[in-house]
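Remarks on the structure that follows.
The values are calculated or read from the model by the stated rules, or taken from the named source; none is laboratory data. In this text, all values refer to a predicted model and were calculated from it rather than measured experimentally. Neighbour counts are summed over all protein chains in view; Cβ atoms, including those assigned to glycine, are modelled from backbone coordinates with ideal geometry. Calculation scope for accessible area: heavy atoms of the full protein, side chains included, ligands and nucleic acids excluded. Shrake-Rupley method; radii C 1.70, N 1.55, O 1.52, S 1.80 Å.
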Amino acid sequence: MSDVSTTPRSFQEIILRLQAYWAQKGCAILQPYDMEVGAGTFHPATTLRSLGTQPWAAAYVQPSRRPTDGRYGENPNRLQHYYQYQVLIKPSPPDLQALYLGSLEAIGVDMDLHDIRFVEDDWESPTLGAWGLGWEVWCDGMEVSQFTYFQQVGGYDCHPVSGELTYGLERLAMYILGVDHVMDMPFNDPGASIPLSYGDVFRQTEEEYARWNFDVANTEVLLRHFVEAEQECKSILGQAHDDPKTGKRIVMAHPAYDQCIKASHIFNLLDARGVISVTERQAYIGRVRTLAKMCADAFVQTRAGGWVPDAADEKATA
Amino acid sequence: MPDLLIELFSEEIPARMQSRAAADLKKLVTDGLVEAGLTYASAAAFATPRRLTLTVEGMLAQSPTTREERKGPKADAPDKAIEGFLRGAGVTRDQLEQRETPKGPVLFATIERPGRPAPDIVAEVLEQAIRGFPWPKAMRWGAGSLRWVRPLHSILCIMVGDDGAEVVPLEVDGIASGDTTRGHRFLSPDAFSVTGFDDYCARLKRAHVVLDPAERAQGIWHDATNLAFAGGLEVVEDAGLLAEVAGLVEWPVVLMGQIDDAFLGLPPEVLQTSMKEHQKFFSVRAAKTGRIERFITVANRTTADQGATILAGNQRVLSARLADAKFFWENDLRTIKAVGLEGMAAPLAEVTFHNKLGSQADRVARIAALAREIAVPVGAKPDLATEAARIAKADLASEMVYEFPELQGTMGKYYAEAAGHDDGVPQACAEHYSPLGPSDAVPTAPISVAVALADKIDTLTGFWAIDEKPTGSKDPFALRRAALGVIRLVLENDLKFEMNHFLKKSLLSAEIQRLVIHRKKEIEEAPNALLKMGTTDETLIMEVREAVEDTKIGIDQSDLLSFLHDRLKVYLREQGIRHDIIDACIAMEGSDDLSLLVKRARALDAVLRTDDGENLIQGFKRANNILSQAEAADGVEYSFGGDIKFCEAEEERALFAALDAAEARIGPAMAQQDFATAMSAMAALRGPIDAFFEAVQVNSDNGTVRRNRLNLLSSIRKICLTVADLSRIDG
């Protein structure tokens, strides 16, 4: 592990240092969710785990996709695919701000030379039926993270409250590494035998996806997939809680939530294709929110979500 | 007399909420103390990003003992009634006193409430203040249930007497009070204890915290202007930004940075907006040219490198921001060069303004047509007003306004200039949204006024036509603001403006618009409906057509005019004119001419402030009441005017003469709209009217005399009512 008192030399070193830092602070280091999502918040480790009473502490990188932000790899800081680093701790510890500042130090921000500020920024996700209060964190006038205390998710009051940290990794890394164009940023160590820049890794895909997102994606197919995902989500949640095969209580919140994520991403693709009008937009967002709420309803019916069988049920099953 | 010091220490409080929160803390706590009997000499509250502080000086050390005497039931009342009284008063039977009263023997209780020590009261009051604090938005955190703006970390609460400071013990949701606080998050993070307000302020300053927001703001402004002055520059004043920035820092350090030359060609508003909105920078301009050349940022700390790293970082962020702005600016200019402003505005046809009111392009067409009509009374050339209205909203389709919505109008001006418009047209593009608020300046250039009025009237009539009127506190389309805009445009430019005429014109066009859209839908759907029913039946077709026709909802402009009148009342009430005075004037002919209406109201207000005016109202009302009763009883209308030959008393004849004289003065004055003369002529009737009622009995036994007197009263009513409807005046 590199010495934290030095400035990191690459994008990946910043990620590795964050992983090491949060691991050391007791978070479970999870892997990215294996589906297309618009932000790290959509990972079930955040959305679903912020519900219910069970304590939780997780950190992970989440590749995120925002089809409308694609610029064919030409814009210095806009990408249709980028990385977020996400930390979720429930209940939010009293020293979360200090922990967060420690993570900045760990990735090479010298607290004695920089001006770190917590500037009001309330967070709301209409698609997840979620909101929270917090700040955007500024380092010398640049937003480097979002810091949120979740108040509601999927229409449920969060109790206890989770503290969520989201780092926009590319922007943060560009700042720390002093790079002006994302594609020029060293991905691995510049001294490696095969040094790779962010552009070496992603310029090709940014071009390809921008073309597909904006002009080629088959909107009829997407519209159909949206409806199918919506139907599948509802159908999964319509199943009886008790599995007839095993006789166990298995509420399928996660498979249903996968369909909700899918619908959300398809909506983003349709939006990028420009086939959704202003009024339809609201309707689509509302449909995804309905799914998110249903999934939240289901999750709190699971043991992980804090459901406990009452005595009568225990007796009946015994 | 002890002092009290309270500090509520939390994570960062949004800047915009701090000053209100300090005031609320002061009010909640001091009100609570006073209510419990603890009076004090003075109190002051302060806020920084991380703390709310209250100091109360010269407070009582304990609340005074109070005695309350309460009257109970009669001595011979049933036991149940007496027991109830005892419970309510909290006393025992043997503590009651029996006293003789005119109604017989009655029981009295004396309730004594002993004084309580101040710390007990403070603890109670503070806990209540914390739990019920009126934050605009509050939150929970961790596993607790307390709500605060952001997590609350500590409560400092001490009482300082002659023999030192003592902690007032209290606990709110697991947070126990103490006498410690912390300094600056980075520069002096350690906790320390304090012994009083002065000690607290001094220690905070040593710990890099300036407690008083006014002191922070002054310091920032002082340093900023000095830095700028040294470079021959001046800081663009922005009180709102200064207050906000002072709320973001505990230890302000002012730094001045460069704007890259590449961006200096951007319009100053673009530089200023981008710097202010995104970065909270002050703009710094050359004193001579007014060109914005530098920026001022306020850091929350000192550094070993004198802020060099901080400034370099801020400069980089700004360059990225301005690179975006420059990109939009150049793209927009390119678009205008290629396809003109109308070409740029073409996409507005695809932007829905409201699904029942068509697109932005439809709206622009309506405003242009209306602006042409309005141009005449406001003294603008109709062609220029139309031209300005057509392009005033073109910038809504620009990339710059998409990115910076607050630059709408401003960019319109630059783009209109770039497209070669002049003669006040670019200015109208910039000004046609004005006035936005009650303190916003009102445009005075005729073309600007014409387009601004057309814009607002179209908004009002449009939403009226689709029945989206404001209700209660709900006004999603800001129609009250639009109405106030119309009122101020007319009044402050002293326009003779027949509101009804233009409301009607506009309503008609909005109505047509609504019908076109609605009908199009109906007509499109009609064949389907018919096919579904499998018929080409003539009667059915007729019915469908009628259904389409029926969608035309009758609306008239009088409803909208009374909405404008209501807003006018609010506007004038703020200037001290009573609503009944306005009502008395609204009831008169021509009240859709708001300038005239207000002149009348002001004159009436002035006359009612005089002794004569005030008493005249009484005389008028008396005359009116007697007359109305007589007319109702007799079933006739006494409207002939009296005849002097039936006058018996001298006062009667004098009133006759006075009425004649008043009429002779009021008539011509009213014709000249000289309300002041008319009103004073009317007020001059007070003496004769009072004397008349003093000396004369209207309901005389002599029928002829009575009729004559009633006819005389009728003259009073008639003459007064030509000036204003005095029957609507209160009192």
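Out of (1) within 30 Å of B:V149 (Cα to Cα); (2) in a loop (DSSP other than H, G, I, E, B), the odd one out for A:L165 is which?
Tallying (1) within 30 Å of B:V149 (Cα to Cα); (2) in a loop (DSSP other than H, G, I, E, B), A:L165 fails exactly one: (2).
So which residues in region B:289-319 are within 14 Å of another protein chain (Cβ to nearest Cβ) and open to solvent by 30 Å² or more (accessible area, probe 1.4 Å), if there are any at all?
B:T302, B:A304, B:D305, B:Q306, B:A308, B:T309, B:L311, B:A312, B:Q315, B:R316, B:S319 - these are the residues of region B:289-319 that are within 14 Å of another protein chain (Cβ to nearest Cβ) and open to solvent by 30 Å² or more (accessible area, probe 1.4 Å).
Counting only residues that are free of Cβ contacts under 8 Å to residues at least 12 places away in the same chain, give me the strands (runs of 3 or more DSSP E) lying completely in region B:7-116 with at least 1 of them.
Hits in region B:7-116: B:97-101.
Filtering region B:424-438 down to residues that are free of Cβ contacts under 8 Å to residues at least 40 places away in the same chain and over 16 Å from B:A482 (Cβ atoms), which residue is least open to solvent (accessible area, probe 1.4 Å)?
Within region B:424-438, the match that is least open to solvent (accessible area, probe 1.4 Å) is B:P426.
Going through region B:88-126 one residue at a time, which ones are surrounded by 15 or more Cβ atoms within 10 Å (Cβ to Cβ) and of a type in the set (A, V, I, L, M)?
Scanning region B:88-126 gives B:A89, B:V91, B:L96, B:V106, B:L107, B:A109, B:A118, B:I121, B:V122, B:A123, B:V125, B:L126.
Residue-wise test of (1) within 20 Å of B:V705 (Cβ to Cβ); (2) touching an Asp or Glu at 6+ places or on another chain (Cβ under 7 Å).
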| residue | (1), (2) |
| --- | --- |
| B:N615 | no, yes |
| B:Q618 | no, no |
| B:R622 | yes, no |
| B:G641 | yes, no |
| B:E663 | no, no |
| B:P668 | no, no |
| B:Q672 | no, no |
| B:L685 | no, no |
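It is to be established whether one or more residues within region B:224-244 are more than 23 Å from B:T273 (Cα to Cα), open to solvent by less than 50 Å² (accessible area, probe 1.4 Å) and assigned by TED's automatic domain parsing to the domain that holds B:G290.
No; the residues of region B:224-244 include none that is more than 23 Å from B:T273 (Cα to Cα), open to solvent by less than 50 Å² (accessible area, probe 1.4 Å) and assigned by TED's automatic domain parsing to the domain that holds B:G290.
Within region A:179-194, which residues are surrounded by 15 or more Cβ atoms within 10 Å (Cβ to Cβ), assigned to a loop (DSSP other than H, G, I, E, B) and either among the charged types (D, E, K, R) or touching a residue at least 24 places away in the same chain (Cβ under 8 Å) (or both)?
Listed by number, the residues that qualify are A:H181, A:M185, A:F187, A:N188, A:D189.
Considering only region B:65-72, I want to know if a residue exists there that is closer than 30 Å to A:V137 by Cα and open to solvent by less than 60 Å² (accessible area, probe 1.4 Å).
No, every residue in region B:65-72 fails to be closer than 30 Å to A:V137 by Cα and open to solvent by less than 60 Å² (accessible area, probe 1.4 Å).
Conditions tested, residue by residue: (1) open to solvent by 70 Å² or more (accessible area, probe 1.4 Å); (2) over 29 Å from A:P91 (Cβ atoms); (3) in a loop (DSSP other than H, G, I, E, B).
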site: B:G144; (1), (2), (3): no, no, yes
site: B:L187; (1), (2), (3): no, yes, yes
site: B:Y200; (1), (2), (3): no, yes, no
site: B:G219; (1), (2), (3): no, yes, no
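Quick one: would you say B:A441 is open to solvent by 20 Å² or more (accessible area, probe 1.4 Å) and either under 24 Å from B:L596 (Cβ atoms) or among the small types (G, A, S) (or both)?
yes
If the requirement is being in a helix (DSSP H, G or I) and either at pLDDT 80 or above or under 30 Å from B:Q360 (Cα atoms) (or both), which of these qualifies: B:K496, B:K552, B:K505?
B:K505
Looking only at residues in region B:320-349 that are free of Cβ contacts under 8 Å to residues at least 40 places away in the same chain and closer than 25 Å to B:R366 by Cα, which one is least open to solvent (accessible area, probe 1.4 Å)?
B:G343
For region A:49-144, list the strands (runs of 3 or more DSSP E) that sit wholly inside it and hold at least 3 residues that are at pLDDT 90 or above and touching a helix residue (DSSP H, G or I) at 6+ places or on another chain (Cβ under 8 Å); which are they?
A:56-65, A:81-90, A:116-120, A:130-139
Could you check how many residues of region B:202-212 are under 25 Å from B:R16 (Cα atoms) and either open to solvent by 50 Å² or more (accessible area, probe 1.4 Å) or in a loop (DSSP other than H, G, I, E, B) (or both)?
The total comes to 7.
Residues to consider are A:D157, A:D180, A:D140; find the one that is within 14 Å of chain B (Cβ to nearest Cβ), touching a strand residue (DSSP E or B) at 6+ places or on another chain (Cβ under 9 Å) and farther than 28 Å from A:A57 by Cα.
Testing whether each residue is within 14 Å of chain B (Cβ to nearest Cβ), touching a strand residue (DSSP E or B) at 6+ places or on another chain (Cβ under 9 Å) and farther than 28 Å from A:A57 by Cα leaves just A:D140.
Looking at region B:146-173, which of the residues that are of a type in the set (V, I, T) and open to solvent by 10 Å² or more (accessible area, probe 1.4 Å) is farthest from the other protein chains (Cβ to nearest Cβ)?
Only one residue tops the list, namely B:V160.
Among the residues of region A:71-99, what is the count of those that are within 11 Å of chain B (Cβ to nearest Cβ), more than 23 Å from A:G52 (Cβ to Cβ) and open to solvent by less than 30 Å² (accessible area, probe 1.4 Å)?
Residues flagged as within 11 Å of chain B (Cβ to nearest Cβ), more than 23 Å from A:G52 (Cβ to Cβ) and open to solvent by less than 30 Å² (accessible area, probe 1.4 Å) within region A:71-99 amount to 1.
Quick one: what pairs do we get from region A:163-177, first residue among the β-branched types (V, I, T), second part of a strand (DSSP E or B), C-beta under 6 Å, 6+ apart or different chains?
Pairs found: A:T166/A:Q84; A:T166/A:Q86; A:T166/A:Q146.
Can you list the helices (runs of 4 or more DSSP H) lying wholly within region A:196-307 that have 2 or more residues being open to solvent by 10 Å² or more (accessible area, probe 1.4 Å) and within 29 Å of A:Y156 (Cβ to Cβ)?
Hits in region A:196-307: A:219-237, A:253-272, A:278-299.
One line per residue, one yes/no per condition, for (1) within 14 Å of chain A (Cβ to nearest Cβ); (2) closer than 30 Å to B:V490 by Cβ; (3) assigned to a helix (DSSP H, G or I); (4) out of contact with any Ser or Thr (no Cβ under 9 Å at 6 or more places or on another chain):
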residue	(1), (2), (3), (4)
B:R321	yes, no, yes, no
B:D324	yes, no, yes, no
B:F328	yes, no, yes, no
B:T335	no, no, yes, no
B:G343	no, no, yes, no
B:A361	no, yes, yes, yes
B:I374	no, yes, yes, yes
B:A380	no, yes, no, no
B:E387	no, yes, yes, yes
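For B:A482, state whether it is among the small types (G, A, S) and at pLDDT below 90.
Answer is no for this residue.
Which of the residues that make up region B:403-416 are touching a residue at least 40 places away in the same chain (Cβ under 8 Å) and either open to solvent by 30 Å² or more (accessible area, probe 1.4 Å) or in a helix (DSSP H, G or I) (or both)?
Result: B:E403, B:E406, B:L407, B:T410, B:M411, B:Y414, B:Y415, B:A416.
Conditions (1) in contact with a His (Cβ under 8 Å, 6 or more places away or on another chain); (2) within 30 Å of B:P73 (Cβ to Cβ); (3) away from chain A (no Cβ under 11 Å), marked per residue:
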residue	(1), (2), (3)
B:R113	no, yes, yes
B:R116	no, no, yes
B:E127	no, no, yes
B:P134	no, no, yes
B:G144	no, no, no
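Given the conditions (1) in a strand (DSSP E or B); (2) more than 10 Å from chain A (Cβ to nearest Cβ); (3) touching an Asp or Glu at 6+ places or on another chain (Cβ under 8 Å); (4) open to solvent by 20 Å² or more (accessible area, probe 1.4 Å), report the number of the one that B:A176 does not fulfil.
(3)
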